[in-house]
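What follows is a single structure, written as structure tokens, with notes after it.
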Amino acid sequence: MRLSTLAFCTAIAAAAPLMAQEKAINTQRSSITIHVGKSGLLSAAAHDHTVSAPISSGTIQESGTPHIEFRVETAKMTVKQDPKIDAKDQATIQTHMEELVLETKKFPEITFRSSRVQKVADGKWKVDGDLSFHGVTKAVSLAVRQTGESYTTRTVLKQTDFGITPISIGGGMIKVKNEVEIDFQIFARPDDRTGGRAPG
């Protein structure tokens, strides 16, 4: 009986990593993309911007108790090059984003940690969790879809909810929209086990 119990416990211990394997996020392929629009009387004369950055670290787990968490370094966020804008203006836009909007030195990270992950269909999940951005943490609910090897979701956030004042030019003739669309695309590293720790 003692031997059988020992063998049973050993089998459970061996199966546990397969039943609830935590995988590191593939930081070479995973990214966050923010779409910033314009409004105001002269908005037609301005340009929308796309800002992106790689996911710096994180983990994802589907089985057992599903969860996901990740971190983004705000200093790595860059404004996509626009061929209609000259190099000087492009550099100014990048600087304004870093210093006036994201305040990267004061708020170096964007983080997300799930509190509940619910599978709603094959390849579809409802993910609730806490998003920390610009020093403010808010509960968000995301509809996540798996397509091939990637997990994707899009959400719309208000900058003012995170303590950010949208940039306004010319007394509001051109201003950045308060609402921004954020896309997350995440790939897991299937052969990498992290032992319960997010990679640094």
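Give the residue that is nearest to H134 (Cα to Cα), with candidates limited to residues of region 75-92 that are open to solvent by 90 Å² or more (accessible area, probe 1.4 Å) and part of a helix (DSSP H, G or I). Per the stated criteria, the residue is K76. Scanning region 63-98 for residues that are closer than 18 Å to V127 by Cα and among the polar types (S, T, N, Q), we see that the one that is modelled with the lowest pLDDT is S63. Among residues of region 132-173 being open to solvent by 70 Å² or more (accessible area, probe 1.4 Å) and closer than 18 Å to K106 by Cα, the one that is modelled with the lowest pLDDT is T165. When we screen V176, V120, V101 for residues that are modelled with pLDDT under 95 and under 20 Å from T65 (Cβ atoms), the only hit is V120.
The values are calculated or read from the model by the stated rules, or taken from the named source; none is laboratory data. Keep in mind it's a predicted model, so treat the numbers as computed, not measured. With ideal geometry, Cβ positions are generated from the backbone for all residues, glycine too; neighbour counts draw on all protein chains shown. In case anyone asks, the SASA skips ligands and DNA or RNA and just uses the protein heavy atoms, side chains included. Shrake-Rupley method; radii C 1.70, N 1.55, O 1.52, S 1.80 Å.
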